[in-house]
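Trainee: I have a structure I would like to understand better, so I am pasting it below and will then ask my questions one at a time.
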Amino acid sequence: MNKSALTLGIDASNIISGGGMTHLSEFLRSADPYKYGFHRVLIWGRKATLDQLDDSAWLEKVNPPLLERGQVFRLWWRFFSLGKLARKASCAILYVPGGGYGGSFRPYTTMCRNMLPFEWNEAKRFGWSFLTIRYLLLRLSQSFDFKRANGVIFLTNYAKDKVMKVIRQTYGPTVVIPHGISPDFHKMPKKQFPIELFSRDKTFNMVYVSIVNVYKHQWNVVEAVSMLRDKGYPVTLKFGTLCLKVDVRSG
């Protein structure tokens, strides 16, 4: 195959929002495939996912109809259709950033993004529920995926050590690549004001940007801010991606 005419395939069928979506969009926004010999990047995903990705001359977005149906149809497509499509497109390699790939295409690389399936103490916080069963199934599928992959990307050394204790070994090499920092955050710090300038009517705002869930341990932050308010500090805590205001006054 001509090195200057390689095609990279990306399976985004199980990515639609959250950190996975942010990673994918930023990864493609900063990518320079020509530098590494790729003339085309072919990405399969749901319409809602593809619509969030910037257009590029080298990027080809494909929305298979089955991905717009239920989870069972999406799993069927990943296991039995994706590999055929990647071979038909002459992909040099398939990248699966969402993990959980069980198809036959080779070579492929995957990424460990969700540690909950491997953090049993945190998963237990959901009790015997649908989510607990889901994380157990994800632990099995991701372990199977990581063992078979031609390469596995971890975000931290902690994640790599934790997962490797479970799966023992992988077929291909592993590498730790932390998330980068978007240029959007490359700004001079805003002017800081002393706490004495704030009041109950003009509070000092603290922001926790994340989903609200038990494994995030947000109650520790709530308790800490409540203690500050009990001591008279005019602080307000905001949670969630929409920064919804949460009143943490005592009582």
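The values are calculated or read from the model by the stated rules, or taken from the named source; none is laboratory data. Predicted model, so just to flag it, every value in this text is computed and none were measured. Quick reminder, even Gly has a Cβ in these numbers, built from the backbone with ideal geometry, and neighbours come from all protein chains shown.
Trainee: What is the one condition in (1) surrounded by 14 or more Cβ atoms within 10 Å (Cβ to Cβ); (2) not in a strand (DSSP E or B) that Asp55 does not satisfy?
Mentor: (1)
Trainee: Then there's this: Taking only segment 171-204 into account, find how many residues are closer than 26 Å to Met21 by Cβ, free of Cβ contacts under 8 Å to residues at least 60 places away in the same chain and not aromatic (Phe, Trp, Tyr).
Mentor: 10
Trainee: Could you say which residue among Ser210, Ser143, Ser226 is within 27 Å of Arg113 (Cβ to Cβ), in contact with a strand residue (DSSP E or B) (Cβ under 9 Å, 6 or more places away or on another chain) and small (Gly, Ala, Ser)?
Mentor: Ser210
Trainee: Name every residue in segment 90-107 that is in a loop (DSSP other than H, G, I, E, B), in contact with a Phe, Trp or Tyr (Cβ under 8 Å, 6 or more places away or on another chain) and of a type in the set (Phe, Trp, Tyr), in order of residue number.
Mentor: Listed by number, the list holds a single entry, Tyr101.
Trainee: If you check Ile181 against the conditions, is it of a type in the set (Val, Ile, Thr), loosely packed, with under 10 Cβ neighbours inside 10 Å, part of a loop (DSSP other than H, G, I, E, B) and at pLDDT below 85?
Mentor: Judged against the criteria, Ile181 is a match.
Residues are listed down the side, and each one gets a yes or a no for (1) at negative phi; (2) in contact with a Gly (Cβ under 9 Å, 6 or more places away or on another chain); (3) assigned to a helix (DSSP H, G or I); (4) not assigned by TED's automatic domain parsing to the domain that holds Gly127:
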residue	(1), (2), (3), (4)
Lys160	yes, no, yes, no
Lys165	yes, no, yes, no
Gly172	yes, yes, no, no
Gln192	yes, no, no, yes
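Trainee: Could you please give the count of residues in segment 112-141 that are without any contact (Cβ under 8 Å) to a residue 60 or more places away in the chain, within 19 Å of Asp11 (Cβ to Cβ) and not in a helix (DSSP H, G or I)?
Mentor: Number of matching residues: 2.
Trainee: Among the residues of segment 126-136, are any basic (Lys, Arg), surrounded by fewer than 17 Cβ atoms within 10 Å (Cβ to Cβ) and modelled with pLDDT under 90?
Mentor: Yes, segment 126-136 contains a residue that is basic (Lys, Arg), surrounded by fewer than 17 Cβ atoms within 10 Å (Cβ to Cβ) and modelled with pLDDT under 90.
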